[in-house]
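The values are calculated or read from the model by the stated rules, or taken from the named source; none is laboratory data. Values in this document were obtained by computation on a predicted structure and should not be read as measured data. Backbone-built Cβ (ideal geometry, glycine too); neighbour counts: all protein chains shown. Ligands, DNA and RNA are stripped out before the accessible areas are found, and what is left, the full protein with its side chains, is counted by its heavy atoms. Shrake-Rupley method; radii C 1.70, N 1.55, O 1.52, S 1.80 Å.
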Amino acid sequence: MKAPDDAEFTEFAATTIRRLRRTAYLMCGDWHRAEDAAQDALVKVYRRWHRIDRTQGLNGYAHQCLVTAVFDQSRKPWRRERLVDADENTGPRPDPVGTVDDRLLVVQALGALPPSQRTCVVLRHYADLSLEQTADILGIGVGGVKSQTSRGLTRLRELLDQTERSAS
């Protein structure tokens with residue numbers, strides 16, 4: 001890769017890695033897997049950097065690579081095993097407002113959705129992609145994205161309502 005292209009990719013990667021990692025986390029529910037998926041996605045983007053249309057397709061292609069990486073990880077049996085570190089269980093940090101608890105409830109509810117619904121909800125409402133972009137990334141029709149998103153949001157509401165009722 002030429003030096004200007006390399007510098008342009010480095011800038012893109014630096015500005016995109018955090019968002020890709022958070023998107024992957026919402027899809028898989030594990031920060032370590034999310035980090036791996038975001039890095040895998042950026043490697044794929046780097047390999048095709050000189051062929052990607054940077055005016056329109058860069059963000060969409062990065063998300064497409066991310067979705068593929070998350071799905072590929074979930075198919076590998078060794079990725080499903082999780083070692084628990086003694087340091088991970090240090091106890092909750094103070095959260096007087098309860099925002100961390102709310103976020104954890106949403107992430108748990110997202111984890112209960114089927115992968116196709118979870119992916120559509122995350123790409124549409126977190127990554128803020130359009131129906132067409134989401135359909136292109138997933139390789140399905142716009143109608144499929146609409147129905148999967150609708151079903152996912154309906155199920156999320158049900159899960160969060162159940163959690164709220166059981167807490168009170």
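Against the definition (open to solvent by less than 40 Å² (accessible area, probe 1.4 Å) and part of a helix (DSSP H, G or I)), how does LEU159 come out, yes or no?
The answer is yes for LEU159.
Go through region 51-141 and tell me which helices (runs of 4 or more DSSP H), entirely inside it, have 2 or more residues that are in contact with a Ser or Thr (Cβ under 9 Å, 6 or more places away or on another chain) and either closer than 24 Å to GLU164 by Cα or at pLDDT 90 or above (or both). Walk me through how you get there before you give the answer.
Values: elements: 58-75, 77-80, 99-111, 115-121, 131-138.
In region 51-141, the matching helices (runs of 4 or more DSSP H) lie at 58-75, 99-111, 115-121, 131-138.
Criterion first (over 16 Å from LEU66 (Cβ atoms), part of a helix (DSSP H, G or I) and open to solvent by less than 70 Å² (accessible area, probe 1.4 Å)) does SER150 satisfy it?
When the stated conditions are applied, SER150 passes them.
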